[in-house]
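Every number here is computed from the coordinates shown, using simple stated rules; none is lab data. Everything numeric here is computed off the predicted structure, so don't read it as measured data. Virtual Cβ from ideal backbone geometry, glycine too; neighbours counted across all protein chains shown.
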Amino acid sequence: MINKELKIEAIELLKNLIKAKSFSTEEDDAAQIIENFLKQKGVHCYRKGNNIWAWNRDHRDDTFTILLNSHIDTVRPGPDWKIDPFEPVIIDGKLHGLGSTDAGGALVALIATFLHFDHKVDIPFNLIISATAEEETSGENGIASILDDLGKIDLAIVGEPTNMCLAVAEKGLMVLDCTAQGKSGHVVYDFGENAIETAIKDINWLHSYKFANESLTLGPIKIKVTMIAAGRQHNIIPDSCKFTVDVRTTDAYSNEEILKIIKKHITSTIIPRSINLNASLIAQDHLIIRAARSIGMELFISPTTSDQALIQADSVKIGPGCSEQSHTPDEFIELHAIEQGIDIYIKLLEAYAQLLKDQI
C-alpha cells in the first residue's frame, strides 16, 4: 500500500487546487501548482498551455503504456453556494470546495498513484500522468492539444467521480445550436412567418424520433432540447427562434452520422459545437476488465461524457467521489474516499501488471 504521507500530501494538493480559480481556459494557477508539486517530488514534467504531463522515470519506448489522466478545470460556481467555493473547509470528514469532486479528488489520487509507481523498475508497463485543461467545455486547448506529445498510449484510465466503480463505457455528446428562421410582422395582420412555430415542428421531431439502431451496451440515443429563445416584443411575430439541443450518442452511430440524420429531418439551421465527443466502450475481455473483476470492482455504464471521448485508445473511467456532487452548491468529497481511491488505483494497476506478466 501507499505510504500515509503521500495520501496526506494528495489531500493538501487538492486544498491548494481549490484555492486556485481554475475555470475552463483560466487554469494557469492550478497548472502551476501541479507543475511545482511534481517538480518538488523529483518528477521531470512538461507543460503546454495549461496541460501538465510526465512519464515515469523507467519509461521504455517499446513497452505497453498506460495514461493516467484527469482534468484541472472547473465550472463556475452557481449562486446557491453557502460557503466560499475557493476556501477549502473540512466538515465532518468532508472536504468542501469547487472542484473537490469534479475532478480534484480523482486528479490528486491519480498523481499519488503515479508517484507510488514512479520509482518501481519491475512494472511491465510505462505510466504517463497528465493533468489537463478545458474538459468542462471540451475546449481545443485541453487533452486533444497534447495527445501527439504524449506519444503511444495503449490504455487510458480517466479520473472522474464514479465512487471507484469502473465505467466500461460512456455515452458521447453533441451540443447543437439551432436557429429556426421566419419573417417578422405585426401580430394583427396575416403577414409574417412565426419562427417559433417552425421551431416547434423541429423540436417535436427531435422529441419523438427513434433511431433505427440501438447500442447493445449504451442503449438508445437520447435527444433533449434544453434552451430556447425568441421574440423581442409581444405584438411582433418573431423572425428567429434559437434553441439548443443536447444529444447523448452511442456506438450505434458516429456523431457525424447522427448529425446527418438530424439535418435531413429538420428545417432549422444547425451549428454543432463539436462532433468529436463520440461514445467510448472497451471490450469485456480486456485485461483491465479482468483485473477489475479480480479485485471485486463493480462495473457500470456511464451516462456522462469525459475526456475519454478524445483519447484514441482503449480507456476506462474511475475515480473517488460521487458524480451527483459534480457542479452542485457546496460541493464536497469525503477524505476517506480519496485515500481509498489511491489504494484501489494501486490495486487495479498491480492486478493488471500481474495479468500482463502472465501473458509474457
### Message
What lysines does LYS183 reach when the alpha-carbon gap must be under 25 Å and sequence neighbours fewer than 8 apart in one chain are set aside?
### Response
LYS201, LYS242, LYS263, LYS264
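What fraction, in whole percent, of alpha-carbon pairs in the range 172-272 exceed 19 Å separation?
Details: 2264 of 5050 pairs.
Value for the range 172-272 (Cα pairs over 19 Å): 45 percent.
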### Summary
From the cross-link list LYS19/LYS41; LYS4/LYS48; LYS21/LYS41; LYS7/LYS317, the entries with a Cα-Cα span beyond 30 Å are LYS4/LYS48
### Task
Apply the Karplus parameterisation 6.51 cos²θ - 1.76 cosθ + 1.60, with θ equal to phi minus 60°, to every residue of the range 52-62 and state each ³J(HN,Hα) to the nearest whole Hz, in sequence, with x for glycine and proline.
10, 8, 7, 9, 5, 5, 9, 4, 10, 5, 9
### Message
At q = 0.12, 0.13, 0.21 Å⁻¹, what log₁₀ I(q)/I(0) does the range 229-294 have when each alpha carbon counts as one equal point scatterer in the Debye sum?
### Response
-0.54, -0.59, -0.93
#### Entry: Cβ-based exposure ranking for CYS178, CYS165, in which fewest neighbours within 10 Å come first
CYS165, CYS178
## Note on the structure
FRET efficiency for SER274 and ASP122 from the Cβ-Cβ distance with R0 = 51 Å, rounded to 0.05, comes out at 0.80
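Once you compute Rg and the Kirkwood Rh from C-alpha atoms, what is the Rg to Rh ratio for the range 102-174?
Working: Rg = 13.6 Å, Rh = 14.2 Å.
Using only Cα positions, Rg/Rh for the range 102-174 is 0.96.
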### Task
Take MET164, MET174, MET297 and order them by how many other Cβ atoms sit within 10 Å, fewest up front.
MET297, MET164, MET174
### Query
Among the trypsin sites (Lys or Arg not before Pro) within the range 148-242, which fall in a DSSP loop and have no more than 11 other Cβ atoms within 10 Å of their own Cβ?
LYS210, ARG232
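Could you give the DSSP H helices of the chain that reach 15 angstrom or more along their long axis (alpha carbon positions) and whose average Kyte-Doolittle hydropathy is no lower than -0.5?
Working: long enough: 4-19 (23 Å, 0.06); 28-40 (18 Å, -0.44); 105-118 (20 Å, 1.66); 195-208 (20 Å, 0.06); 255-265 (16 Å, -0.74); 335-359 (37 Å, 0.16).
Length and hydropathy pass: 4-19, 28-40, 105-118, 195-208, 335-359.
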### Summary
Note to self: C-alpha centroids of the range 34-73 and the range 300-347 sit apart, in Å, by 19 Å
### Task
Work out how much length ASN36 to ASP58 would gain on full extension: take 0.36 nm times their residue separation and subtract the Cα-Cα distance, in nm to one decimal.
5.8 nm
### Inter-label distance for GLN354 and LYS201, nm, one decimal - labels placed 7 Å from Cα along Cα-to-Cβ
6.4 nm
### Query
Using the per-residue mean of other Cβ atoms lying within 10 Å as a proxy for protection, in what order, highest first, do the peptides 71-84, 94-107, 324-337, 133-146 fall?
94-107, 133-146, 324-337, 71-84
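Estimate the FRET efficiency between TYR209 and LYS152 by the formula 1/(1 + (r/R0)^6), using the beta-carbon distance for r and 45 Å for R0, to the nearest 0.05.
Numbers: r = 40 Å, r/R0 = 0.90.
Step by step, r from the Cβ atoms, then E = 0.65.
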### Task
May I ask you to compute the full-extension gain from ILE295 to GLN312, defined as 0.36 nm times their residue separation minus their alpha-carbon distance, rounded to one decimal in nm?
3.4 nm
### Message
Once the convex hull of the alpha carbons of the chain is built, what does its volume come to per residue, in cubic angstrom?
### Response
148 Å³
### Task
With both partners inside the range 30-140, how many of the DSSP beta bridges are antiparallel, as a percent to the nearest 5?
60 percent
### Message
Connecting C-alpha atoms closer than 10 Å in a GNM of the chain, tell me which of GLN340, GLN32, GLN284 has the biggest fluctuation.
### Response
GLN284
### Task
Provide the per-residue ³J(HN,Hα) series for the range 64-77, in order, calculated from phi with Karplus coefficients 6.51, -1.76, 1.60 and θ = phi - 60°, each as a whole number of Hz, with x at glycine and proline positions.
3, 10, 10, 9, 9, 9, 8, 10, 9, 8, 10, 7, 7, x
### Summary
With 0.36 nm assigned to each residue of separation and the Cα-Cα distance removed, GLU257 to ILE236 gains 3.8 nm
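Relative contact order for the range 172-272: what is it in percent, counting Cα pairs under 8 Å that are at least 6 residues apart?
Details: 202 pairs, mean separation 43.4, N = 101.
So the answer I get is 43 percent.
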